[in-house]
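Every number here is computed from the coordinates shown, using simple stated rules; none is lab data. As the structure is a prediction and not an experimental result, all values here were calculated from the model. Every residue, glycine among them, receives a Cβ derived from its backbone with ideal geometry; neighbour counts consider all protein chains shown.
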Amino acid sequence: MSQPTYICVARHGETDWNIAGILQGWTDVPINDQGRRQAYELVGGFSHAGFAKVYSSPLIRSRETAEIIARSLRLEPPTCHDGLMERNFGAIQGIPKSELADLNPVLLQQILKRNPATDFEQGETMDEFADRVLAAIVSIARPNAGTRILAITHGWVMDVITRHIAGLPRTAILNMKRRNGECVWLEVRGESIRPL
């Protein structure tokens with residue numbers, strides 16, 4: 001049996017849109033000064049983790065977080081992986097939640113609950129999104145067996161991973177939200193993704 005890959009999945013640093021309550025999705029929004037501080041705080045916690053490589057969502061908020069960490073740990077620049085991108089929220093990307101309260105209050109309630117089964121017009125379905133995320137974790141692990149990898153990604157991506165490793169259905173509402181800079185460690189062997 002092949003060696004497992006240990007992957008630390010972390011949420012990107014804070015953005016101004018996080019503070020403003022705007023769904024970012026695939027919109028490219030940079031991290032703010034607090035987000036940069038959070039990236040450097042992660043560096044401190046990772047100094048003895050022994051990462052071989054850093055992967056990132058190609059979206060700038062993840063990429064910038066990953067670049068700060070990789071540079072500080074003297075690792076190669078991050079490798080971008082499209083599978084780590086945030087869920088595509090379609091037509092409502094970039095609309096503040098305060099405006100959504102007037103436009104579509106039912107949809108807003110589903111978003112505030114972080115209901116994975118929410119239907120996003122012109123966006124990804126729950127299954128498309130979850131399949132993409134889990135396939136990305138397996139594809140990152142495959143060429144990196146026996147090493148420790150850091151993957152910087154997004155909040156809803158971490159929800160998919162959290163449900164999967166807890167054995168919960170994809171439709172489960174978690175009643176929690178990963179903070180900017182929060183991490184979860186995985187052990188990946190073949191197609192198996194488990195908590196470490």
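A few comments on the model shown:
- Ellipticity estimate at 222 nm from DSSP helix runs (n ≥ 4, -39,500 (n - 2.57)) divided over the chain, nearest 500: -11500 deg cm²/dmol
- DSSP beta bridges in the chain [antiparallel fraction, %, rounded to 5]: 50 percent
- Each label was represented as a point 7 Å from its Cα along the Cα-to-Cβ direction; for GLU182 and ALA91 these points are 3.1 nm apart.
- Counting charges near LEU84 (Lys, Arg +1; Asp, Glu -1) among other residues having Cβ under 13 Å from its Cβ returns a value of +3.
- log₁₀ of I(q)/I(0) at q = 0.17, 0.19 Å⁻¹ - the chain, Debye sum with one point per alpha carbon: -1.11, -1.36
- Length-normalised contact order of the stretch 110-171 in % [C-alpha pairs under 8 Å, at least 6 apart]: 39 percent
- The listed peptides 149-157, 170-178, ordered by packing as a protection proxy, come out as 149-157, 170-178 (highest mean of other Cβ atoms within 10 Å first).
- Contour minus Cα-Cα distance for LEU73 and SER98 (0.36 nm per residue): 5.0 nm
- Taking every alpha-carbon pair under 8 Å whose residues sit at least 6 apart, the stretch 5-195 reaches a relative contact order of 35 percent.
- √(5λ) per eigenvalue of the Cα gyration tensor, the stretch 47-120, largest first, Å: 35, 12, 11
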